[in-house]
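Worksheet: one structure, shown below.
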Amino acid sequence: SPDPGHWCLWTLDPAEAVLGPSRAIDIAIDDPRIGPLLAHSDSAHIFPGNERLVRWAGVVDGDRLVCVAAQVNEGSGAAHLVSVCTDPDYRGRGLAREACTRIMAAAIADGAPMLVLEMYVANAAGRRAYGALGFAEVGRYKSGLLPHALPPRVRA
(Lines give C-alpha, C1' and ligand atoms only; values in the text may rest on other atoms or scores of the structure.)
Protein backbone atom coordinates (compact mmCIF):
# COMPACT_ATOMS: atom_id res chain seq x y z
CA SER A 1 0.00 0.00 0.00
CA PRO A 2 1.31 3.50 -0.74
CA ASP A 3 -0.27 4.63 2.54
CA PRO A 4 1.86 3.37 5.44
CA GLY A 5 0.01 1.40 8.03
CA HIS A 6 0.56 -1.10 10.79
CA TRP A 7 -0.85 -4.46 9.81
CA CYS A 8 -1.22 -7.84 11.47
CA LEU A 9 -1.34 -11.32 9.99
CA TRP A 10 -3.89 -13.83 11.28
CA THR A 11 -3.96 -17.56 10.57
CA LEU A 12 -6.33 -20.43 11.22
CA ASP A 13 -5.98 -24.18 10.88
CA PRO A 14 -9.20 -25.26 9.09
CA ALA A 15 -9.77 -27.96 11.74
CA GLU A 16 -10.12 -25.19 14.34
CA ALA A 17 -12.51 -22.94 12.40
CA VAL A 18 -15.65 -21.80 14.21
CA LEU A 19 -18.33 -21.98 11.52
CA GLY A 20 -21.70 -20.84 12.78
CA PRO A 21 -24.82 -20.12 10.78
CA SER A 22 -24.56 -17.54 8.03
CA ARG A 23 -27.02 -15.54 5.93
CA ALA A 24 -24.23 -14.81 3.46
CA ILE A 25 -24.58 -16.05 -0.10
CA ASP A 26 -22.20 -16.58 -2.98
CA ILE A 27 -21.83 -13.40 -5.03
CA ALA A 28 -21.00 -13.46 -8.74
CA ILE A 29 -17.33 -12.75 -9.31
CA ASP A 30 -18.20 -9.68 -11.43
CA ASP A 31 -21.25 -8.40 -9.50
CA PRO A 32 -21.47 -4.64 -10.21
CA ARG A 33 -22.47 -3.91 -6.58
CA ILE A 34 -19.07 -4.98 -5.20
CA GLY A 35 -16.98 -2.00 -6.38
CA PRO A 36 -19.25 0.70 -4.91
CA LEU A 37 -19.39 -1.17 -1.59
CA LEU A 38 -15.59 -1.48 -1.46
CA ALA A 39 -15.35 2.30 -1.82
CA HIS A 40 -16.15 2.33 1.93
CA SER A 41 -12.94 0.42 2.73
CA ASP A 42 -9.50 1.88 3.43
CA SER A 43 -7.80 -1.49 3.02
CA ALA A 44 -9.54 -3.37 0.21
CA HIS A 45 -6.99 -4.28 -2.43
CA ILE A 46 -8.71 -7.02 -4.40
CA PHE A 47 -11.53 -5.86 -6.66
CA PRO A 48 -13.77 -7.46 -9.29
CA GLY A 49 -11.72 -8.41 -12.32
CA ASN A 50 -8.64 -9.41 -10.34
CA GLU A 51 -7.26 -12.59 -11.87
CA ARG A 52 -6.46 -14.08 -8.43
CA LEU A 53 -10.10 -14.10 -7.25
CA VAL A 54 -11.52 -17.46 -6.26
CA ARG A 55 -14.88 -16.31 -4.89
CA TRP A 56 -16.94 -13.54 -3.32
CA ALA A 57 -19.53 -13.98 -0.57
CA GLY A 58 -21.80 -11.35 0.83
CA VAL A 59 -24.93 -10.36 2.68
CA VAL A 60 -27.78 -8.78 0.74
CA ASP A 61 -30.65 -6.64 2.10
CA GLY A 62 -33.32 -6.60 -0.60
CA ASP A 63 -31.26 -5.90 -3.72
CA ARG A 64 -28.57 -4.01 -1.79
CA LEU A 65 -25.20 -5.68 -1.20
CA VAL A 66 -24.34 -4.60 2.36
CA CYS A 67 -21.32 -6.76 3.17
CA VAL A 68 -18.76 -8.59 1.11
CA ALA A 69 -15.64 -10.74 1.49
CA ALA A 70 -13.41 -12.38 -1.09
CA GLN A 71 -10.94 -15.24 -1.32
CA VAL A 72 -7.68 -15.49 -3.20
CA ASN A 73 -5.30 -18.42 -2.91
CA GLU A 74 -1.66 -18.05 -1.93
CA GLY A 75 1.13 -20.01 -3.61
CA SER A 76 1.18 -22.26 -0.55
CA GLY A 77 -2.46 -23.20 -1.14
CA ALA A 78 -3.66 -21.18 1.84
CA ALA A 79 -7.02 -19.48 1.38
CA HIS A 80 -6.54 -15.73 1.93
CA LEU A 81 -9.61 -13.74 3.01
CA VAL A 82 -9.43 -10.27 1.48
CA SER A 83 -11.47 -7.13 0.80
CA VAL A 84 -13.86 -7.66 3.70
CA CYS A 85 -16.16 -4.65 3.85
CA THR A 86 -19.50 -3.74 5.39
CA ASP A 87 -21.62 -0.77 4.38
CA PRO A 88 -21.29 1.86 7.15
CA ASP A 89 -25.08 1.82 7.68
CA TYR A 90 -24.90 -1.91 8.52
CA ARG A 91 -21.79 -2.12 10.69
CA GLY A 92 -21.92 -3.67 14.15
CA ARG A 93 -24.36 -6.44 13.18
CA GLY A 94 -21.89 -9.29 12.64
CA LEU A 95 -22.29 -9.30 8.86
CA ALA A 96 -18.56 -9.44 8.12
CA ARG A 97 -18.33 -12.54 10.29
CA GLU A 98 -21.14 -14.11 8.25
CA ALA A 99 -19.51 -13.28 4.89
CA CYS A 100 -16.18 -14.65 6.15
CA THR A 101 -17.92 -17.79 7.43
CA ARG A 102 -19.28 -18.45 3.93
CA ILE A 103 -15.82 -17.96 2.38
CA MET A 104 -14.17 -20.11 5.04
CA ALA A 105 -16.66 -22.99 4.66
CA ALA A 106 -16.14 -23.06 0.89
CA ALA A 107 -12.34 -22.87 1.21
CA ILE A 108 -12.32 -25.69 3.75
CA ALA A 109 -14.57 -27.78 1.49
CA ASP A 110 -12.05 -27.15 -1.32
CA GLY A 111 -9.27 -28.55 0.91
CA ALA A 112 -7.43 -25.34 1.90
CA PRO A 113 -4.57 -26.33 4.23
CA MET A 114 -4.63 -22.98 6.05
CA LEU A 115 -6.76 -19.82 6.22
CA VAL A 116 -5.08 -16.41 6.45
CA LEU A 117 -6.03 -12.75 6.52
CA GLU A 118 -4.43 -9.38 7.17
CA MET A 119 -5.92 -6.29 8.75
CA TYR A 120 -4.97 -2.95 10.25
CA VAL A 121 -3.66 -3.49 13.78
CA ALA A 122 -6.09 -0.90 15.21
CA ASN A 123 -9.21 -2.56 13.74
CA ALA A 124 -11.01 -3.49 16.98
CA ALA A 125 -14.16 -4.73 15.21
CA GLY A 126 -12.04 -6.96 12.98
CA ARG A 127 -10.21 -8.37 16.00
CA ARG A 128 -13.51 -9.37 17.58
CA ALA A 129 -14.92 -10.85 14.38
CA TYR A 130 -11.82 -12.79 13.33
CA GLY A 131 -11.13 -14.00 16.87
CA ALA A 132 -14.70 -15.32 17.10
CA LEU A 133 -14.08 -17.29 13.89
CA GLY A 134 -11.01 -18.95 15.44
CA PHE A 135 -8.25 -16.86 13.83
CA ALA A 136 -5.18 -15.93 15.89
CA GLU A 137 -2.80 -13.04 15.27
CA VAL A 138 0.66 -14.37 14.43
CA GLY A 139 2.63 -11.29 13.38
CA ARG A 140 2.76 -7.56 12.70
CA TYR A 141 4.41 -5.42 10.05
CA LYS A 142 4.33 -1.93 8.58
CA SER A 143 3.51 -1.27 4.93
CA GLY A 144 4.35 1.63 2.65
CA LEU A 145 6.37 2.50 -0.39
CA LEU A 146 10.15 2.44 -0.08
CA PRO A 147 11.76 5.91 -0.42
CA HIS A 148 13.22 5.13 -3.86
CA ALA A 149 9.71 4.28 -5.13
CA LEU A 150 8.17 7.60 -4.07
CA PRO A 151 7.71 10.43 -6.57
CA PRO A 152 10.47 13.09 -6.19
CA ARG A 153 8.11 15.65 -4.59
CA VAL A 154 7.29 13.21 -1.75
CA ARG A 155 10.84 12.19 -0.84
CA ALA A 156 11.67 15.27 1.22
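Beta carbons closer than 8 Å, at least 6 apart along the sequence or on distinct chains, pair a first residue in the range 3-23 that is over 18 Å from Ser41 (Cβ atoms) and hydroxyl-bearing (Ser, Thr, Tyr) with a second that is modelled with pLDDT of 90 or more and in a strand (DSSP E or B) for Thr11/Leu115; Thr11/Val116; Thr11/Ala136; Thr11/Val138. With respect to Asp31, is the statement that it is open to solvent by less than 50 Å² (accessible area, probe 1.4 Å) and in contact with a His (Cβ under 7 Å, 6 or more places away or on another chain) true? No, not satisfied. Of all the criteria given as (1) at pLDDT below 95; (2) open to solvent by less than 10 Å² (accessible area, probe 1.4 Å), the one not satisfied by Val18 is (2).
With respect to being open to solvent by 40 Å² or more (accessible area, probe 1.4 Å) and part of a loop (DSSP other than H, G, I, E, B), Pro36 falls outside the description.
Determine if the range 54-66 includes at least one residue that is of a type in the set (D, E, K, R) and in contact with a strand residue (DSSP E or B) (Cβ under 6 Å, 6 or more places away or on another chain). Within the range 54-66, one or more residues are of a type in the set (D, E, K, R) and in contact with a strand residue (DSSP E or B) (Cβ under 6 Å, 6 or more places away or on another chain).
The values are calculated or read from the model by the stated rules, or taken from the named source; none is laboratory data. Predicted, not measured: the structure shown is a model, and the values here were computed from it. Please note: Cβ atoms are built from the backbone with ideal geometry, for glycine as well, and neighbour counts cover all protein chains shown. In case anyone asks, the SASA skips ligands and DNA or RNA and just uses the protein heavy atoms, side chains included. Shrake-Rupley method; radii C 1.70, N 1.55, O 1.52, S 1.80 Å.
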